[in-house]
Every structure is written in structure tokens, then in C-alpha cells.
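Novice: Have a look at this one before I ask anything.
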Amino acid sequence: MKIKKLLLNYRGKGGVAEMLAIALPMILSAACDGVMTFTDRLFLAKIGPEQMNAAMGGGVMMQTLMFFFMGLVGYLTALAAQYYGSGEGSGEISELCDIAQILYMNYFLTKTL
């Protein structure tokens, strides 16, 4: 009985399978970022320890900025969805403009690193 209920939650509308279809590309993207940073440091280790240590600070700062803004945009997206779902049309436009501004700011900040 519990297995049948679990399968319905997995395959049903709004279930785990639908969530994984959306979340899997984001999970793979975050994992590939870590692999790319590791590979960069591996190649820099062949040049010298100073270069590898410099890349460590830059990589951590870039990931911190990226993840901060990704979390912030996710939060603002939830607010925009709440405005849209409640029928208040005036709030969602300002929220979407805020999201766009934060995305542009994130792009230029991470581009300079």
C-alpha cells in the first residue's frame, strides 16, 4: 500500500519525477562548475603553487557571488509567482524588473572576475 502511494507521488502531477525533470539540469550545471574549477587548479598546479593558490581565492569568490545571486533570484522568482497566482498584476512587473536588474548585475560582477 505504501509503495503504491509512493509511486503515485513520484509519477503524479507535481511529483518527484516532474521536479527532477526541472532540477536535474541545474544540479548538473552546479556539478560541472566544481569539476571545471578543479580542472583549472589541476593545470595551474603544474605551473606552480602560487598560481594555484591565486586561482583558489578567485574561484571561491566567483562561486560565492554566483550562488548568492542565484539564491536571490530564486527567492524573487517565488515572490513573482505568488503575485501572479494571487491575481495581483501590478506587483509581478516590479518583481520581474528587480530580477532582471539582479541578473545583469550578477553578469557584470562575475565577468570582471
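Novice: Sort 37, 77, 64 so the one with the fewest other Cβ atoms within 10 Å of its own Cβ comes first.
Specialist: 64, 77, 37
Novice: What order do you get for 69, 108 when you list them from fewest to most C-beta neighbours inside 10 Å?
Specialist: If I rank by nearby Cβ atoms, fewest first, I get 108, 69.
Novice: Hey, fewest Cβ within 10 Å first, where do 107, 83 land in order?
Specialist: 107, 83
All of the numbers you see were taken from the coordinates with simple rules; none came from a lab. None of these values were measured; they are calculated from a predicted model. Heads up, the Cβs are rebuilt from the backbone with ideal geometry, glycines too, and the neighbour counts pull from every protein chain shown.
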